[in-house]
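Contents: one structure, followed by commentary.
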Amino acid sequence: MATYQYRCTGCGTFDVTRPMGAALAEEPCDTCGDRSRRVYSAPMLARTSAPLARALRAQEASAHEPRIVTEVPSARRRPAPAADPRQALLPKP
């Protein structure tokens, strides 16, 4: 879906969402109902950051091509003991 912008002479601009390529030259105003002409503007293009794009690709691929595990993961290291003796009395995770 694409968002097209129209300008009413009395009310100002408003947006209409239609399938791409299905925009009309004139559209009735949402507020007053007068015919409004389409305004041509720059497209709304945005680039995603590299880490976000990588995460989105991995998420999409995992739905159809899950990673196969070939070995048991190594044991996790336990955190070093606390330097403060009072923290040693706290419950362990």
Mind giving me the nanometre distance, one decimal, between the label points for A55 and T13, set 7 Å out from Cα along Cα→Cβ?
3.2
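Using only the C-alpha atoms of the chain, find the volume of their convex hull and express it per residue in Å³.
Values: hull volume 26.4 nm³, N = 93.
Hull volume normalised by residue count: 284 Å³.
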Provide the FRET efficiency to the nearest 0.05 for the L89-H64 pair, computing r from the beta carbons and using R0 = 41 Å.
0.25
So how tilted is helix 50-64 from the main axis of the chain? Cα-based, degrees 0 to 90, rounded to 10.
80
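Check each of the trypsin sites (Lys or Arg not before Pro) in the chain and keep only those in coil by DSSP with at most 15 other C-beta atoms within 10 angstrom; list them in order.
On the way: sites: R7, R35, R37, R38, R47, R54, R57, R67, R76, R77, R86; in loops: R47, R67, R76, R77, R86.
Within the chain, the qualifying trypsin sites (Lys or Arg not before Pro) (loop, at most 15 other Cβ atoms within 10 Å) are R47, R67, R76, R77, R86.
Throughout, read-outs are computed from the coordinates displayed, never taken from laboratory work. Quick caveat: nothing in here was measured; it's all calculated off a predicted structure. Heads up, the Cβs are rebuilt from the backbone with ideal geometry, glycines too, and the neighbour counts pull from every protein chain shown.
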